[in-house]
Amino acid sequence: MKALELRNVTKRFGAVEANKHVSLTVEAGTVHAVVGENGAGKSTLMHVAYGHARCDEGRIFLKGEEVSPARHSPAESIRRGVGMVHQHFMLIGPMTVAENVALGREPRRGLRLDLETAADELRQLAAKFGFDVDPDARIEDLSVGEQQRVEILKVLWRGVDVLILDEPTAVLTPAEVRDLFGVLRKLVADGMTVVLITHKLDEVVEIADRVTVMRRGEVVAELTGTLDVGAIATAMIGRPVLMQVDKRPASPGAAVLSLQRLRVRGRRGAAAVRDVSFEIRAGEVVAIAGVVGNGQSELVEAITGVRPIVGGTVALRGVDVSRAPVDRRHRGGLSHIPEDRQARGLVLEFSVAENLILGRAREHGTPFGLDLASVGANAETAIREFDIRPADADAPARALSGGNQQKVVVARELTRPGMTLLVCGQPTRGVDIGAIEMIHERLIAARDAGAAVLLVSAELSEIRALADRVLVMYRGKIVDQLDASQLALDSALERMGRGMLGVTA
Amino acid sequence: MKREAYIVVVALLVAMAAGSVLILAFGQSPAQVYGMLMAHTWGDSYGLGQVLFKATPLVFTGLAVALAFRVGLFNIGVEGQMMVGAFATALVGASLPDGTPWVIAIVLAIGAGAVAGGALGAIPGYLRARFGAHEVINTIMLNFIAGALVLWAGRTWFFVEESTHTQTVIESARIPSLGMSGSAANLSCFLALIAAAGVWYFFERTRRGHEWRAVGESPLAAETAGIRIGRSITWAMAASGALAGAVGANFVLGYKHYFEEGIGRGMGFMGIAVALVGRNHPVGIVGAALLFGTLSQGGFAVNELVPKELVDVLQAVIILAVAATSAEVRRLATR
């Protein structure tokens, strides 16, 4: 049986064709992955199928029955048993799980709200599919992975048996991804259908039965059977990709960043970084491995100066900058690619050109104000060198895809004059393969040019590809260290994984 | 920009339609009333002069509100900053020795107003930057304090005996009238234009303006980029207060030549509406100030046909219509 079928769908945004004559068939009872780079049109296609966006041409069939595109809507999809979980959660923090799930369709007894029934039904659903979710817990107390399970429960509770997931693993830790996949396998075993939108190919290979590869709005490949990462990647970006970064051994110089017994408090006042000391030397990449939420973010914020420290010292090239403002650290050679590019890396309303001089406007000043010619030239160069698309210096950053937004941040930070320390938080999260390759090459180039690089990443494969040395962080402490020779061992990944979970040998 | 202008034009048409209904209810012809309103404002020299006189302070206060807004701050204290500034302008203008060259006299008098207004604006700015105290509450409260302080100081020390006004300013500190059939219009309306151009240039062409806009759009990104947010907020509130404080150039130096209890009252609050209708853009603000100046003067002209409160209704409908479609209002509501 066909759970979902699209025939010849075309969707335009102004002059841009996001989907060009796309046809797609999802068989019931399978996990079907739709992959492609950011901006390839995979999310748009699923929004068309779900009724969130209206296609300009084409036909839509849900469970074998045609839905007229003009009358299609998310409500219609849910009525026909098709649900979607979006990349950005739509949950209300102060409300409980049961309240969120029942929102808009609350069971009633007479005039009274009957949340107990909803909670009971939720418990049954959760037990059936092996979810570990308490219906009475408040959303804001849950981890990101748990919140995602609530989103999935929300659609299941509405009687859906075709589930569309938009980039579900983008925000999850490796352990949470495993849990999610376990849940998905149970759903499929129970006869449900899962459509997975993603760009992480190792995950596709692990869970998908069938893969549709999209590039520039078109379907370029349909793969099934034994899936191969290399083949999918080649189809996705239209050329073979090197999954390995070409990198010579490091030749470290003098210490650039030194931390001494650093202590930092987290947002809620609890100790987040506890007595951390380490050094990074010129010309080496030191990575912090850890599950998100173990103090890495606070560590980076303390080093870059946006979070006050409680104790210890931060020194940049021998100068104590523990309490120096951010701009002084930049002048001392700090470049910072923030973990959350949309909140901290970019002013989304600003143009690409303006974002490229954010915090660096001084370099383009004249006695009478900004030198617009110089700002424009700077943007042209960056767009060319870092392949920022669209190549429009005046486009607002908001209009760019995630990968291209990241290229803007990377371009600004890697071209700072006198860069000696580069701090990057999750530099390739939510970024497509082509851009990841470019960003990795640039980081290594920065290292080879003599910069000290601190890399915080939740992706062990990224750490292994880039790092010369790895520090494993768990609950605010450095619990393990691996040098280059230890990293080369086959057991390195497993050793890091153990450390991240607090299990030290 | 096109969309913004479109919104204002639609608001204007909606307001005129609503006004027409009221005019008909009074048994008058809308065409005649609107015709009269235009004839006695833009149609004769005295009317036009009065429109310019009334629009001038609105440009200053509108710019003050807009400047703060673009840095992400809502300055409700423009009224108080304007009062304190006008008072300071009058006192300095009156205490200068006779025969001070006019350039010096006028710059000192207006400068005193700007400094006084700026200082009053800097207080809530600093409280916001240092302690996170919300500037809306603090500026509202400071309005009461400023108003009371000015009257107390005036009555205790500065008002001419048996009166509610200060000494008149020296001859050379007076800004010349534009004439215009005895209207109150004076050269300070060009100062308003210069101020508008200055605010535009600051935000669009200077480094500091770029940084302040970044603070307004995304404080986290600005902070991460090394822009000092606290400092920007304090100084932006000071600059906003200074624009409001400079307003005494119009009705003190250009018209009354002294500060009087109640002078300019309401112009500060009106500045919020001007900034809103002018979409926080200097050109829009000059246009909105002229529009409100026209309505305010036109009210007197049509008084013989319909109550002059009619124009207040027009004003209110314009503000409501613009506010309903304004992204700024939505942003405030969700803050």
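The values are calculated or read from the model by the stated rules, or taken from the named source; none is laboratory data. Since this is a predicted model, take the numbers as computed values, not measurements. Glycine also receives a Cβ, built like all others from the backbone with ideal geometry; neighbour counts cover every protein chain displayed.
Yes/no per residue for (1) surrounded by fewer than 24 Cβ atoms within 10 Å (Cβ to Cβ); (2) within 16 Å of the chain's Cα centre (by Cα); (3) over 25 Å from residue B:149 (Cα atoms):
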residue: B:21; (1), (2), (3): yes, no, yes
residue: B:58; (1), (2), (3): no, yes, no
residue: B:71; (1), (2), (3): no, no, yes
residue: B:93; (1), (2), (3): no, no, no
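The numbered conditions (1) closer than 17 Å to residue A:338 by Cβ; (2) at pLDDT 95 or above; (3) within 14 Å of another protein chain (Cβ to nearest Cβ); (4) touching a strand residue (DSSP E or B) at 6+ places or on another chain (Cβ under 9 Å) are all true for residue A:379 except (1). Restricting the first member to the range A:211-223 and to residues that are in the same structural domain as residue A:18 (by TED's automatic domain parsing) and outside any strand (DSSP E or B), and the second to residues that are among the acidic types (Asp, Glu) and at pLDDT below 90, the beta-carbon pairs closer than 9 Å and six or more apart or on different chains are A:216/A:17; A:216/A:37; A:217/A:17.
For the range A:467-505, a residue qualifies if it is assigned to a loop (DSSP other than H, G, I, E, B) and either in contact with a Phe, Trp or Tyr (Cβ under 8 Å, 6 or more places away or on another chain) or crowded, with 17+ Cβ neighbours inside 10 Å (or both), and the qualifying residues are A:467, A:468, A:476, A:501, A:502. Quick one: in the range B:149-200, which of the residues that are part of a loop (DSSP other than H, G, I, E, B) and acidic (Asp, Glu) is nearest to residue B:108 (Cα to Cα)? Result: B:161.
If the condition is being out of contact with any Gly (no Cβ under 6 Å at 6 or more places or on another chain), of a type outside the set (A, V, I, L, M) and more than 24 Å from residue A:298 (Cα to Cα), then the range A:444-460 contributes only A:448. Name every residue in the range B:204-239 that is more than 9 Å from chain A (Cβ to nearest Cβ), touching an Asp or Glu at 6+ places or on another chain (Cβ under 7 Å) and small (Gly, Ala, Ser), in order of residue number. The answer is B:232, and nothing else. Could you grab me the full set of residues in the range A:106-141 that are part of a loop (DSSP other than H, G, I, E, B), farther than 25 Å from residue A:188 by Cβ and either among the hydroxyl-bearing types (Ser, Thr, Tyr) or modelled with pLDDT under 85 (or both)? Listed by number, the residues that qualify are A:106, A:107, A:110, A:111, A:114. Within the range A:446-457, is even one residue assigned to a helix (DSSP H, G or I) and not aliphatic (A, V, I, L, M)? Scanning the range A:446-457 turns up at least one residue that is assigned to a helix (DSSP H, G or I) and not aliphatic (A, V, I, L, M). Whenever a residue of the range A:314-343 is more than 9 Å from chain B (Cβ to nearest Cβ), its partners that are acidic (Asp, Glu), lying with C-beta atoms within less than 7 angstrom and at least six residues away or across chains, give the pairs A:335/A:413; A:337/A:413. Being in contact with a strand residue (DSSP E or B) (Cβ under 9 Å, 6 or more places away or on another chain) and either at pLDDT 90 or above or surrounded by fewer than 16 Cβ atoms within 10 Å (Cβ to Cβ) (or both) is a property that does not hold for residue A:245.
Candidates A:78, A:60: the one that is modelled with pLDDT of 90 or more, among the aliphatic types (A, V, I, L, M) and not in a strand (DSSP E or B) is A:78.
Candidates in the range A:349-358 are the residues that are within 8 Å of chain B (Cβ to nearest Cβ) and modelled with pLDDT of 95 or more; of these, the one that is surrounded by the most Cβ atoms within 10 Å (Cβ to Cβ) is A:358. Residue A:271 satisfies every condition listed in (1) in contact with a Gly (Cβ under 7 Å, 6 or more places away or on another chain); (2) within 12 Å of another protein chain (Cβ to nearest Cβ) except (2). Of B:37, B:67, B:63, all but one fail to be at pLDDT below 95, crowded, with 24+ Cβ neighbours inside 10 Å and either under 29 Å from residue B:250 (Cα atoms) or of a type outside the set (S, T, N, Q) (or both); the exception is B:37. Only a single criterion out of (1) touching a residue at least 60 places away in the same chain (Cβ under 8 Å); (2) at the interface with chain B (Cβ under 9 Å from one of its Cβ atoms); (3) on the phi > 0 side of the Ramachandran plot is not satisfied by residue A:430, namely (2). Flag: residue B:171 does not match the condition of being within 14 Å of chain A (Cβ to nearest Cβ) and over 17 Å from residue B:242 (Cα atoms).
Looking at the range A:361-382, is at least one residue buried (at least 22 other Cβ atoms within 10 Å of the Cβ) and either within 28 Å of residue A:463 (Cβ to Cβ) or in the same structural domain as residue A:16 (by TED's automatic domain parsing) (or both)? For the range A:361-382, residues buried (at least 22 other Cβ atoms within 10 Å of the Cβ) and either within 28 Å of residue A:463 (Cβ to Cβ) or in the same structural domain as residue A:16 (by TED's automatic domain parsing) (or both): present.
Here is a yes/no grid of residues against (1) under 21 Å from the mean Cα position of the chain (by Cα); (2) closer than 28 Å to residue A:237 by Cα:
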site: A:423; (1), (2): yes, no
site: A:429; (1), (2): yes, yes
site: A:440; (1), (2): yes, yes
site: A:445; (1), (2): no, yes
site: A:471; (1), (2): no, no
site: A:482; (1), (2): no, no
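For beta carbons closer than 9 Å, sequence separation of 6+ or different chains, a first residue in the range B:43-67 that is over 12 Å from residue B:280 (Cα atoms) and a second that is surrounded by 23 or more Cβ atoms within 10 Å (Cβ to Cβ) and of a type in the set (Phe, Trp, Tyr), the qualifying pairs are B:53/B:251; B:54/B:292; B:55/B:292; B:56/B:251; B:57/B:251; B:58/B:292. Only residues that are touching a strand residue (DSSP E or B) at 6+ places or on another chain (Cβ under 6 Å) and assigned to a loop (DSSP other than H, G, I, E, B) were counted across the range A:254-270, and they come to 1. Restricting the range A:275-313 to residues that are assigned to a loop (DSSP other than H, G, I, E, B) and hydrophobic (A, V, I, L, M, F, W, C) leaves a set whose member that is farthest from residue A:334 (Cα to Cα) is A:291.
Looking across the range A:185-207, the residues that are over 16 Å from residue A:4 (Cα atoms) and of a type in the set (A, V, I, L, M, F, W, C) come down to A:187, A:189, A:201, A:204, A:205, A:207.
One residue stands out in the range A:387-407 among those that are surrounded by 22 or more Cβ atoms within 10 Å (Cβ to Cβ) and of a type in the set (A, V, I, L, M, F, W, C): the one that is nearest to the other protein chains (Cβ to nearest Cβ), namely A:397. Taking the range B:181-201 as the range and being surrounded by fewer than 19 Cβ atoms within 10 Å (Cβ to Cβ) and either in contact with a Leu (Cβ under 7 Å, 6 or more places away or on another chain) or within 14 Å of another protein chain (Cβ to nearest Cβ) (or both) as the test, the residues that pass are B:187, B:197, B:198, B:200, B:201.
The set of residues from the range A:281-313 being closer than 19 Å to residue A:326 by Cβ, among the aliphatic types (A, V, I, L, M) and away from chain B (no Cβ under 14 Å) comprises A:299, A:309, A:310.
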